[in-house]
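Asks: I have a structure I would like to understand better, so I am pasting it below and will then ask my questions one at a time.
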Amino acid sequence: MVRMSLDPVQVMSGQVKELKVATSTNGDSRESWEEKAEFDQDHLGLSTKPKLVTGRRARKVEGGVFFPKPENAVTIAVSSRVLFRTEVEQKVFEQQGVEEYLRYQIEHENEPFAPGPAFPFVKALEAVNIRLRGLYPQSEELFDIVLVTYNHAHVGIRLINTINHHNLYIERFCMTGGSSPIGYLKAWQTNLYLSADADKVREALAEGIAAATMFMPEKLTEVSESQLRVAFDGDAVLFSDESERIFKAHGLDKFFEHERENEDTLLDHGPLKGFLEALGKLQKKFYAKGQRLNCPIRTFLVTARSAASSGIRALKTLRAWGLEIDEALFLAGAPKGPMLEKIRPHIYFDDQMFHVEGAAEMGTIAAHVPYGIAQNNPAKRITAVGK
């Protein structure tokens, strides 16, 4: 069996060619910022004429710099340790302490971090924003990305340099200097928080914030540059763990009986229902412009439920919520990894580490939602990511 790295800063063994990301690692490639001249699209897609820039990117759009208000945007908070690879720096911190860590970061602040597991997801969010701004030039209903880090502000220069190096559009930072970021996430009205710290993810979930712990596989499947593809498990992710509890306590036959008896009773919401709602809200903006078949957001339900025996309740619940899933796969217990390999999502959410590992073995970027009854029996071969 392929061993999955549970540290999202592990060295990538594959290249995501379609993403055209830089292949430098932490300090392995020493190209200076000034030597890198890249063509840049306008920040929010208002200009189609590329501008040749050296080092730093032009940020202005028509009417000045554009920042959506948090209450209007779909806010995605991403930890620096899942957006970028920081394994070298993590070792310095663990082995030599915080002062040496800060010194190291300052000495290497002109060296970009390499992409981490959340990088393709963030690039896809930006691609959707460009399309949205083309259709709705004045709208603030966009993805807004906040970089969240426990780092001291001294490390901010290296992070900003890295963001410019990779041509990312991230203007909002939250550098907490070792303090918990959860209160700030609520202030940002965060729709989704992605982190390498499982404890902070659980803390966010307890506060009602959709959150997941990200992991990187040893190999990576190529993903789309132009269409954001997000896959969800059902029970304990989109839905509550009510049905999962029946299965754990009484077995499969009782589970099927329970679902048949409650076919017309809606399932309660799970921790990521709100994020699916946010995706659906943006999808409808494309549908309103006649672009349903060309929508740059596509969602997937990938569940171990069987269609005839227990699928109807899940579908009725989604319909009653007013939510659409573009594709629904009822696997009746079959492995999820091969299906995810075909879907090629930028991110897949599941509450069970067994399925997260199976997805990673097939090259899928998977995220664990530590919610519900399944957390009482975590996979023993899996260890949590270090802080």
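The values are calculated or read from the model by the stated rules, or taken from the named source; none is laboratory data. Every value quoted in this text rests on a predicted model; they were computed, and no experiment measured them. Please note: Cβ atoms are built from the backbone with ideal geometry, for glycine as well, and neighbour counts cover all protein chains shown. To get the accessible areas, we keep the full protein, side chains included, count just its heavy atoms, and leave off ligands, DNA and RNA. Shrake-Rupley method; radii C 1.70, N 1.55, O 1.52, S 1.80 Å.
Asks: Using only the alpha carbon atoms of the range 154-241, find the Kirkwood hydrodynamic radius as the inverse mean reciprocal pair distance, in angstroms to one decimal.
Replies: Evaluated over the range 154-241, this radius sits at 15.7 Å.
Asks: Based on C-alpha coordinates, I'd like the Rg and Dmax of the range 169-209, in Å.
Replies: Gyration radius and largest Cα-Cα distance of the range 169-209: 10.2, 30 Å.
Asks: Peptides 89-97, 104-112: what's the order by average Cβ count within 10 Å, highest mean first?
Replies: 104-112, 89-97
Asks: Accessible area per residue for the range 204-314 in Å², computed with a 1.4 Å probe and the full protein assembly in place, what is it?
Replies: About 41 Å² of surface per residue is accessible.
Asks: Along the principal axes of its C-alpha atoms, what lengths does the range 103-165 span, in descending order and rounded to whole Å?
Replies: The principal-axis extents, from largest down, are 46, 20, 18 Å.
Asks: Lys pairs in the range 158-315, Cα-Cα under 21 Å, at least 8 apart or on separate chains: how many?
Replies: 8
Asks: Taking the Cα atoms of the range 206-346, report the difference between the largest and smallest coordinate on each principal axis, in whole Å and largest first.
Replies: 44, 39, 34
Asks: Rg(Cα) of the range 144-197 divided by 2.2 N^0.38 Å?
Replies: Ratio of Cα Rg to 2.2 N^0.38 Å: 1.12.
Asks: Oh, and also: Using all alpha carbons of the range 97-250, what is the percent of pairwise distances in each 5 Å bin, ordered from the shortest bin to the longest?
Replies: 2, 7, 13, 17, 20, 17, 12, 6, 4, 2, 1, 0
Asks: Once ligands and nucleic acids are excluded and a 1.4 Å probe is used, how much of residue 186 is accessible, expressed in Å² to the nearest 10?
Replies: 110
Asks: What base-10 log of the normalised intensity I(q)/I(0) is obtained for the range 198-279 from the Debye formula, alpha carbons as equal point scatterers, at q = 0.11, 0.14 Å⁻¹?
Replies: -0.44, -0.68
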